[in-house]
Every structure is written in structure tokens, then in C-alpha cells.
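Down below is the structure, laid out as C-alpha cells.
The values are calculated or read from the model by the stated rules, or taken from the named source; none is laboratory data. Since the model is a prediction, treat every value here as computed from it, not as a measurement. Cβ sites come from the backbone with ideal geometry, for glycine too, and all protein chains shown count toward neighbours.
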Amino acid sequence: MNTQPVGNKAKAFGARKLVFLFLVIVLLLPACARQPQPARVEEITFQSGEFTLVGDLRTPAGTKPFPVVLFVHGDGPANRTMYGMYLPVMERMLKTGYAVFSWDNPGIGESTGTTNRGQITQQQAQIVTDAIEVIKAYPDIDPGRIGLWGVSMAGYVMPRVLMVSDDVAFMICQSCGSMSGNDEFVYLTVAQGYCGGVPEEADEHLAILLAELDEARSFDTYEGYLRYREVLDELAALGLVTVPHPVASESGWLANDPAYEFTWSPVHVFEQVRIPVLAVWGERDTKIDPIQAAYAYRHALEQAGNSNYRVEVIPGVDHTLAPSETGCISEEEKTLERVLEEQGFTWEDLEALEPQDLVQLTLLSAWPNAPEYLDLIEEWLSSLQP
């Protein structure tokens, strides 16, 4: 008989629910319920510093050697298929003739080690760089056609890889940040603050501020950055949001030192990037600023003289590229609960699972998505084939 106090059980359940919500809401990518086409799957173990990583290389039918896409996780405890969410994207890539390689994050599934929160994007970039070295030695893989796909925090990882590796031939970025981690967190705080409602006394002034914010979000100079922060401070003065990080100094903003994890803006790397790039955001993203990011990516790639890039903002979808009215976490929670119910699961079922069982689930392959995103990936990758 289970004699655990009800209060403790409720706390444990709540903690597990929050972890699972984090996985879905912050990290997830669009998916559908279809399974990938049959592919040869080979498990690969490789070393990256103190980490031992275990993942799967999936290769399609067809003529070898294959181009390959490495999957770069967002933040958090993701396994090699992101609990099933990567499967529909993998299906499109395999269908187009690309192999795919993805691994369990450190400390998840069969991978070992623990990342340092203060150096997480640097550590993840090293893992990806080491994975490239491993995969390009495989005889079934074309070492001249290695690409990266990544979501959310991967937007801070993949540019670090591009800074040190000449082996990346193309890149796909979904819901990736362009500003520093600190400033993206400010945007998240502001956007999620609106989800809680706006005080009536602020309504008249709010419309003006929101219009100013939309204009100020597209900046590429320090003066533009200062104007953006001024508008945020005005919103904070109304009591709508809290702005948790100070304004960057001009020298710090201009230096943009990648050694500083949370003040480095990754988009400047793309001012030197001429490989094909596909970058996609959801119009109603409340975690990464889609307007600023799309503007910044276009500006940087144009500066690089890159003629083979595509930047898209999909209307009516959120950070996950799922349909959304608000982009708010509360709406995403309801979508998640509906997806679980459709799969015959409840929160109580998940709470009863051991961690090793949880990482085997593929329930989230049924997450609703913008169909045009999967179509776009297939179309874009096909255009790169010889």
C-alpha cells in the first residue's frame, strides 16, 4: 500500500508535469502523427569531452553516399527523437534522400554526463562538432554534404559550430533567437506578461507603446538597441512586465564576445556565412522574437552576400509552429493535454512512469503543426540535391 502523503504525491506529480510541459512548450518542433518511412537505423556511440553520447543514424533507401542532417536539440532533457517529435521531420528528410543523425542529450536515455548551465551552448556546440567528425567518417555518408537542423536554443549552438567547422554545408533553423540570451528573455517576459492581461488604466497608452515596440524590434545598431530597451522600460513602468536584465553597455554590445553565454548575439556570425540557410519562425512566438529574428537574419545574410537563403515567418502559429490564437503557455498546455488524450494518456499515466520509460515515449509525434513547414523542409532540401 502506498502511504506517501497526498501533499507529497501532488508535489511530485506537479514537478513531473512541469518537466514534461517544459519539454513540449520550450523545445518542441512541429510534428504530425505519421511515422517515418522505413529506414536503416544504426546506433552510434561517440565521445565529446566528458560526455558519452548515444544516438541513431537513419539512412534512406537509394544510392550511397547520402547527405546527412544532424539534429541539434534545444534546451532541456531531449532524447534522440524528442519523444517522437522529430519523426515527421525525419520522414521528410529521408523521403528527400537525406540521412539523419540525432542523439540523446547528456544525462538522458543512454547518454551520460551533466551540462553546465553557464556554458551550455558552448558545450552543446562542441558535442555537435565532435558528432560531425564521427559521422563524416562513415562510408555511407557524403562528407561534403553535412547539414544541421536545430530548434530554439540551437540558434545559439549552430552559429558556434559554424565558427569552428568548415564541414557544415547547409543549415535549417526553426524558432531560433537572434538577440542575446538576456534580451530574448526580456522579450519572453514582456510577451508572456501580455498573456496575463493588461490593466485597464494602461490600455490607452499601451496601443502607442506596442506600435513603438513593433518598430523598435527591428534594430541592427546600438542606437536602435537602446530605443528597443527604452520602450521595454516604459512597458515595465506601467507594471505590465518585469525587465530582468540591465541594458548592455555600448562596448559590450559592440564587442559581442561569444565567451559570454548570455550576452552574445549569435546572428552576427551569419554576416560571414554563405552556405544555404533556411530559417523559419511562428508569427505568434512569445519566446523568441520572430520579427526581430527574421529581420536580423535577412540583414546579416545579405551583408554576407549569401544568395541562397530563405527566411519565413508563418502566420497564426507559435514557437512550436502549431496553430495558436495567442502563443501563450496556457494555450499550449491545453493543446498538450488534448494531444495526450488523443493518444490515450493522462497526466496521471505519465506521473506513474519511471524516467527510463518516459524517454522511450513517442506520444508527441501527434503534436499539431503548420503543414507548410514540413512541406517547406522537403521542398528546400530537394532544391539542394544535385
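Mind listing whichever residues of the stretch 89-148 are farther than 22 Å from Asp167 by Cα and in a strand (DSSP E or B)?
Thr112
Kindly indicate which of Gly147, Gly97, Gly177, Gly109 is touching a strand residue (DSSP E or B) at 6+ places or on another chain (Cβ under 6 Å), in contact (Cβ under 8 Å) with a residue 60 or more places away in the chain and either crowded, with 19+ Cβ neighbours inside 10 Å or more than 27 Å from Ala293 (Cβ to Cβ) (or both).
Selected residue: Gly147, the only one of Gly147, Gly97, Gly177, Gly109 that is touching a strand residue (DSSP E or B) at 6+ places or on another chain (Cβ under 6 Å), in contact (Cβ under 8 Å) with a residue 60 or more places away in the chain and either crowded, with 19+ Cβ neighbours inside 10 Å or more than 27 Å from Ala293 (Cβ to Cβ) (or both).
Looking at Val168, Val164, which one is more than 29 Å from Glu378 (Cβ to Cβ), assigned by TED's automatic domain parsing to the domain that holds Ser307 and either surrounded by fewer than 21 Cβ atoms within 10 Å (Cβ to Cβ) or among the charged types (D, E, K, R) (or both)?
Val164
Which condition from (1) modelled with pLDDT of 90 or more; (2) over 21 Å from Gly55 (Cα atoms); (3) touching a Gly at 6+ places or on another chain (Cβ under 8 Å) is the one that Met158 breaks?
Every condition holds for Met158 apart from (2).
Out of the residues in the stretch 112-131 meeting the condition of being of a type in the set (A, V, I, L, M, F, W, C) and crowded, with 20+ Cβ neighbours inside 10 Å, tell me which one is nearest to Asp289 (Cα to Cα).
Per the criteria, the residue is Ala125.
Examine the stretch 284-297 for a residue that is among the charged types (D, E, K, R) and either more than 27 Å from Gln174 (Cβ to Cβ) or surrounded by fewer than 19 Cβ atoms within 10 Å (Cβ to Cβ) (or both), and state whether such a residue exists.
Checked the stretch 284-297: no residue is among the charged types (D, E, K, R) and either more than 27 Å from Gln174 (Cβ to Cβ) or surrounded by fewer than 19 Cβ atoms within 10 Å (Cβ to Cβ) (or both).
Whether any residue in the stretch 314-324 is crowded, with 17+ Cβ neighbours inside 10 Å, part of a helix (DSSP H, G or I), in contact with a helix residue (DSSP H, G or I) (Cβ under 9 Å, 6 or more places away or on another chain) and among the hydroxyl-bearing types (Ser, Thr, Tyr) is what I want to check.
Within the stretch 314-324, none of the residues are crowded, with 17+ Cβ neighbours inside 10 Å, part of a helix (DSSP H, G or I), in contact with a helix residue (DSSP H, G or I) (Cβ under 9 Å, 6 or more places away or on another chain) and among the hydroxyl-bearing types (Ser, Thr, Tyr).
May I ask you to list the residues in the stretch 189-220 that are at pLDDT 70 or above and among the aliphatic types (A, V, I, L, M)?
Val190, Ala191, Leu206, Ala207, Ile208, Leu209, Leu210, Ala211, Leu213, Ala216 - these are the residues of the stretch 189-220 that are at pLDDT 70 or above and among the aliphatic types (A, V, I, L, M).
Take the residues in the stretch 361-386 that are surrounded by 14 or more Cβ atoms within 10 Å (Cβ to Cβ) and in a loop (DSSP other than H, G, I, E, B), then tell me which one is modelled with the highest pLDDT.
Ala370
Can you tell me which residue in the stretch 264-283 is farthest from the chain's Cα centre (by Cα), limited to those that are closer than 17 Å to Asp220 by Cβ and surrounded by 17 or more Cβ atoms within 10 Å (Cβ to Cβ)?
Of everything passing the filter in the stretch 264-283, Val273 is farthest from the chain's Cα centre (by Cα).
Is it fair to say Thr81 is of a type in the set (Ser, Thr, Tyr), touching a helix residue (DSSP H, G or I) at 6+ places or on another chain (Cβ under 9 Å) and surrounded by fewer than 22 Cβ atoms within 10 Å (Cβ to Cβ)?
no
Please state which of the following conditions Trp264 fails to meet, knowing it meets all the rest: (1) part of a helix (DSSP H, G or I); (2) of a type outside the set (Val, Ile, Thr); (3) touching a residue at least 12 places away in the same chain (Cβ under 8 Å).
(1)
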